[in-house]
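Novice: This is the structure I want to talk about, given as structure tokens.
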Amino acid sequence: MSTAVHTHVLGEAYKRKEDARFIRGQGKYVDDVQLPGMLYGAIVRSPSAHALIKHIDSSQALQVPGVVTVITGKDLEAAGLNWMPTLPGDTEIVLAVERVLYQMQEVALVVATSRYAAADGVAAVEVDYDPLPVVVDPRKALDPDAPLLRPDKKDKQPTNQIYHWEVGDRAATDAAFADSAVNGVVVKQDIYIPRIHPAPIETCGCIADYHAATGKLTVWLTSQAPHVHRTIFAWVTGLPEHRIRVISPDVGGGFGNKVPLYPGYLCAIAASLKTGKPVKWIEDRSENLSSTSFARDYHIHAEIAADKAGNVQALRVHTLADHGAFHTAAQPRQFPAGLFHICTGSYDFKHALVEVDAVHTNKAPGGVAYRCSFRVTEASFLIERLMDTLARDLGKDPAELRLENFIKPEAFPYRSALNWTYDSGNYEAALKLAMKKIDYAGLRREQAEKRTRGELMGIGISSFTEIVGAGPGKHFDIVGIQMFDSCEIRVHPTGKALARIGVQQQGHSHETTFAQIIAAELGLSPDDVDIEHGDTDTAPYGLGTYGSRSTPVAGAATAMAARKVRDKARKIAAYLLEVGEEDLEWEPGRFFVKGAPDKGKTIQELAFAAYTNCPPYLEPGLEAVNYYDPPNLTYPFGSYICVVDLDRGTGEVHIRRFMAVDDCGTVINPMIVEGQVHGGLTQGLAPAMYEELSYDEDGNIRGGNFQDYLMPTAMEAPRWETDRTVTPSPHHPIGAKGVAESPTVGSPQAIVNAVVDALAHVGIRHIDMPITPEKVWNILNEKGLTSD
Amino acid sequence: MSKHHIRVTINGTLYEDDVDARMLLVHWIRDSLHLTGTHIGCDTTSCGACTILVDGKATKSCTMFAVRADGRQIQTVEGLEQQGKLHPIQDGFHQEHGLHCGYCTPGMMMTAVALLRRNPNPTEQEIREGISGNLCRCTGYVNIVKAIQYAAEKMRASEQVPAGSGEGGE
């Protein structure tokens with residue numbers, strides 16, 4: 001029996017266990033699954049952004065060879081299936097009945113024997129629409145003459161305003177601003193954070209497979225939260241939850257896109273219930289970009305009050321949030337704007353006030369947390385933009401201003417003006433490391449010298465603080481379910497372990513990193529620990545993977561479950577070695593008698609004994625489960641510095657260097673952390689310079705395919721540079737904070753700050769994303785800076 | 001819908017079928033032949049998840065009709081590994097952490113194989129340009145570039161192109 005002891009499992013760059021299937025093309029994604037007798041669904045969608053539905057004629061479609069049935073909203077209504085709960089408590093219709101509220105809204109489902117027949121059927125469904133006035137600009141949604149977009153809930157909500165929410169001390173904040181207006185400095189900025197889309201390369205889809213004989217519904221689903229989806233399916237269909245099985249197999253990227261419930265899923269379920277056959281529905285790219293949850297779309301006005309020396313005093317923010325046709329924003333119910341009020345960021349503000357007004361428009365619904373913990377991206381962007389503006393007005397270097405205003409390392413745990421308790425941080429150390437690695441002083445000298453020659457170079461800093469890993473369950477929920485997470489570990493008689501976790505991976509590498517956590521706790525090799533996830537029939541209930549909560553919450557559950565296993569192993573060791581438990585000492589992989597290191601039992605021997613020679617006073621076996629409700633969130637942070645050169649002929653922005661220093665607490669696998677940072681940075685570059693889902697005045701979406709929605713390729717993405725500091729979370733069992741969203745949250749403002757910095761000397765204070773060559777060239781042209 | 005008889009060699013195996021004229025190659029490969037390693041990400045020739053080699057050339061199979069593959073030699077991701085030995089590009093993606101969710105990976109690897117056949121010693125810029133028809137949302141490309149460099153070095157060192165049987169020249 002192996003007695004290998006593994007002492008350095010955490011922090012090792014183990015190669016990924018999941019790679020073996022993916023590099024062979026043997027991953028199993030939802031669309032790879034084919035079931036006997038399977039039918040295919042395709043959706044008839046609205047061409048109009050706002051219209052009454054006069055008539056739906058399916059008769060021609062039913063004549064199309066291969067078409068089995070056409071399902072409309074009225075059919076679903078009759079079956080009680082034409083509604084879905086949204087995360088914040090709205091109700092979303094599955095198939096439009098009276099009216100359509102946005103272009104590409106779902107109107108009918110065609111079910112056929114092949115993909116092609118289903119598409120033919122969609123083309124043959126005739127729908128008559130009567131156009132209505134369209135609300136595209138959220139600033140006009142509250143005009144008195146604006147059409148009411150949601151008459152279905154006019155009793156509860158008589159206008160297009162979904163909510164007004166505010167947090168903070170208004171009187172103290174206003175007083176601080178009044179004081180700074182006289183005795184200090186106030187900076188203000190309007191910022192639009194455009195509507196973008198997570199756009200994983202695999203679109204959303206499912207196969208619903210209902211067996212009438214057993215009453216069992218199996219749903220293969222592109223899901224980041226399979227247990228929550230199961231519960232919602234039970235609520236909506238009325239089927240008993242123990243007869244619903246959600247399988248989220250390999251998932252080709254999620255980034256928040258695969259957290260919500262979409263009408264296509266319910267359509268496939270309804271079709272399987274009706275036909276008794278498995279029904280597959282896979283959306284195409286245009287459907288993905290145009291109808292599933294967008295992100296951001298915040299119109300922000302932000303102000304900082306500071307004293308003359310530049311010490312920040314107060315932050316005041318008002319935001320208009322465009323939520324589209326339904327209130328489907330991803331957020332816990334206690335926090336209508338999610339964690340947006342983390343916007344005091346890394347700085348020691350005394351007072352703050354944040355107000356958010358959310359409105360309906362004739363656009364696709366959403367407001368998903370795209371690689372971000374519930375609006376922390378918007379929050380971080382505004383504060384890092386404003387700090388640069390403040391530095392400019394004070395004539396200070398933006399790094400210097402940040403260093404002066406950071407929350408000090410000794411101030412943690414730190415209670416923010418908006419009532420968050422930051423667990424740990426050392427912001428100075430991260431910024432100073434980034435400055436050293438990129439030679440900040442040298443870059444500033446180069447910039448000054450270049451400016452004399454008329455060359456445009458900019459340096460942008462972002463010193464962000466994140467807030468991730470929701471719960472605690474008393475404050476955070478998804479459709480009312482508290483945000484805990486879970487792990488179940490089974491150690492087999494031969495000393496190998498199988499663990500199942502409540503979160504699900506879509507590129508996160510859980511099968512490797514969670515094996516490392518268990519291996520470290522039990523002294524096993526990660527090769528001897530397999531991780532399973534995504535099947536609700538086998539995995540313990542969990543809230544899923546989003547908001548960087550896998551490592552902070554399910555990772556904690558995994559460590560705690562492993563410790564339960566180890567505690568039982570200690571009892572077995574005491575029995576076998578005939579000593580008291582208190583006489584035993586643990587080294588990774590082995591208990592031994594204090595003072596007699598030769599007298600011991602390995603974890604493998606103890607696992608064997610648990611099944612073969614268990615103490616009579618213990619239950620046999622060596623298994624444990626843990627449901628972990630975190631006592632607090634975790635607060636990863638970092639400092640990024642971006643260097644850009646502007647092309648005066650074309651307006652193009654060239655990112656010369658980008659240095660990212662992250663602090664995610666304890667690092668489980670540095671290779672995977674670095675890989676996640678690379679990917680997240682590229683998803684920050686994307687909105688900063690390329691991606692936007694905009695709409696024309698008629699509500700036609702622009703950006704509904706990959707020719708118009710410009711996802712960065714290898715030609716646009718720079719060669720990212722990374723480093724890290726390590727400030728463990730004091731409340732997480734292994735000190736880990738989560739990492740994968742930090743770079744997406746922290747990087748756009750570094751890029752924008754750099755471009756604005758390159759143009760600050762001609763009076764430019766802000767440029768809204770995406771910073772396209774056209775926008776830059778227009779500025780250059782206006783300022784007389786263009787060259788041939 | 002007219003049916004057409006096609007004979008296509010994929011990864012060294014001859015497949016014969018009667019397909020609709022409008023059947024896309026990627027659907028035939030995935031749904032009829034059950035070679036599901038080739039993926040679909042955009043339907044519009046933008047993302048490259050469906051990239052395969054047709055007569056040795058990297059080709060986006062979502063925008064090619066199956067009938068056009070008649071008589072041709074095709075290689076998919078399933079044909080990279082030979083006699084239990086990974087192709088250097090597969091090894092490179094594993095060693096250099098060139099994949100996260102794995103969805104773009106098969107198409108990315110097939111594009112890289114074609115690139116390295118054209119240019120066994122590409123610069124970083126040539127690699128970036130060579131894979132610019134393939135989108136990856138997860139990795140930020142840094143480690144994909146490294147993975148291709150790893151494979152290039154391995155392949156130059158062994159002076160062979162173990163790219164599987166059944167393929168033609170370019």
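Any read-out appearing in this document is the output of simple, stated calculations on the displayed coordinates, not a laboratory observation. Since the structure is predicted, the reported quantities are computational estimates derived from the model, not experimental observations. All Cβ positions, even for glycine, are placed from backbone atoms using ideal geometry, and neighbour counts span all protein chains on display.
Novice: Using a 10 Å cut-off on Cβ to Cβ distances, tally the other chain neighbours for every residue of A:677-688 and report the average as a whole number.
Specialist: Average per residue, whole number: 3.
Novice: Any chance you could run the full-extension gain for A:HIS211 through A:TYR192? It's 0.36 nm times the residue separation minus the Cα-Cα distance, nm to one decimal.
Specialist: Contour length minus the Cα-Cα distance gives 1.9 nm.
Novice: Which far-off residues, 5 or more places away or on another chain, put their amide H under 5 Å from the one on A:SER248, with H placed in the peptide plane?
Specialist: Amide H neighbours of A:SER248, under 5 Å, 5+ apart: A:LEU221, A:ASP535, A:THR536.
Novice: Let me ask something else about it. How far is the Cα center of segment A:685-764 from the Cα center of segment A:582-629, in Å?
Specialist: Cα centroid to Cα centroid, the span is 48 Å.
Novice: Amide H neighbours of A:PHE476 under 5 Å, counting only residues 5+ apart in sequence or on other chains, H built in-plane at 1.01 Å?
Specialist: A:MET483
Novice: Quick one: of A:LYS737/A:LYS775; A:LYS28/A:LYS363; A:LYS350/A:LYS432; A:LYS74/A:LYS280, which pairs are farther than 31 Å apart, Cα to Cα?
Specialist: Pairs exceeding 31 Å: A:LYS737/A:LYS775; A:LYS28/A:LYS363.
Novice: Work out from phi, with θ = phi - 60° and the Karplus expression 6.51 cos²θ - 1.76 cosθ + 1.60, the ³J(HN,Hα) of each residue of segment A:256-273, listed in order in whole Hz, and give x for Gly and Pro.
Specialist: Those phi angles translate into x, 5, 10, 8, x, 9, 10, x, x, 5, 5, 4, 5, 5, 4, 5, 5, 4 Hz.
Novice: Which residues' amide hydrogens lie under 5 Å from the amide hydrogen of A:ARG99, considering only partners 5 or more residues apart or on another chain, with H built in the peptide plane?
Specialist: A:ILE53
Novice: By per-residue mean of other Cβ atoms within 10 Å, what is the highest-first order of A:451-458, A:555-562, A:244-251?
Specialist: Averaged packing, sorted descending, gives the order A:555-562, A:244-251, A:451-458.
Novice: Would you compute, from DSSP H runs of 4+ residues alone, the mean residue ellipticity of the protein assembly as shown at 222 nm, taking -39500 (n - 2.57) per run and dividing by the full residue count, rounded to the nearest 500?
Specialist: -8500 deg cm²/dmol
Novice: What whole number of Å gives the distance from the Cα centroid of segment A:189-233 to the Cα centroid of segment A:239-297?
Specialist: Centre-to-centre (Cα) distance: 4 Å.
Novice: If you don't mind, there's one more thing I want to ask. Of A:ALA325, A:TYR627, A:VAL134, whose Cα points farthest to the positive end of the dipole of the protein assembly as shown (charges on the beta-carbon: +1 Lys, Arg; -1 Asp, Glu; origin at the Cα centre)?
Specialist: Farthest towards the positive pole: A:TYR627.
Novice: Moving on to the next point. Which GluC sites (Glu not before Pro) in segment A:578-608 sit in a loop by DSSP (not H, G, I, E or B) and have at most 16 other Cβ atoms within 10 Å of their own Cβ?
Specialist: The qualifying sites are A:GLU578.
Novice: Moving to a separate point now. Once each part is reduced to its C-alpha centroid, what is the distance from segment B:89-117 to segment A:44-82 in angstrom?
Specialist: Their Cα centres are 42 Å away from one another.
Novice: Residue by residue through segment A:44-49, what is 3J(HN,Hα) from phi via Karplus (6.51 cos²θ - 1.76 cosθ + 1.60, θ = phi - 60°)? Round to whole Hz and write x for glycine and proline.
Specialist: Running phi through 6.51 cos²θ - 1.76 cosθ + 1.60 with θ = phi - 60° gives 7, 10, 6, x, 10, 7 Hz.
Novice: Where does each of A:183-194, A:704-715 land if you order them by average Cβ count within 10 Å, highest first?
Specialist: A:704-715, A:183-194
Novice: Could you work out the mean count of beta carbons from other protein chains within 10 Å of each residue's beta carbon in B:127-137?
Specialist: 5
Novice: Output wanted: per-residue J couplings in Hz (rounded whole) for segment A:646-659, from phi through Karplus 6.51 cos²θ - 1.76 cosθ + 1.60, θ = phi - 60°, x for Gly and Pro.
Specialist: Once θ is set to phi - 60°, the couplings for segment A:646-659 become 9, 8, 6, x, 10, x, 6, 9, 9, 7, 6, 9, 9, 9 Hz.
Novice: Distance in nm between label sites at B:ARG22 and B:HIS34, each 7 Å beyond Cα in the beta-carbon direction?
Specialist: According to this spin-label approximation, the distance is 2.8 nm.
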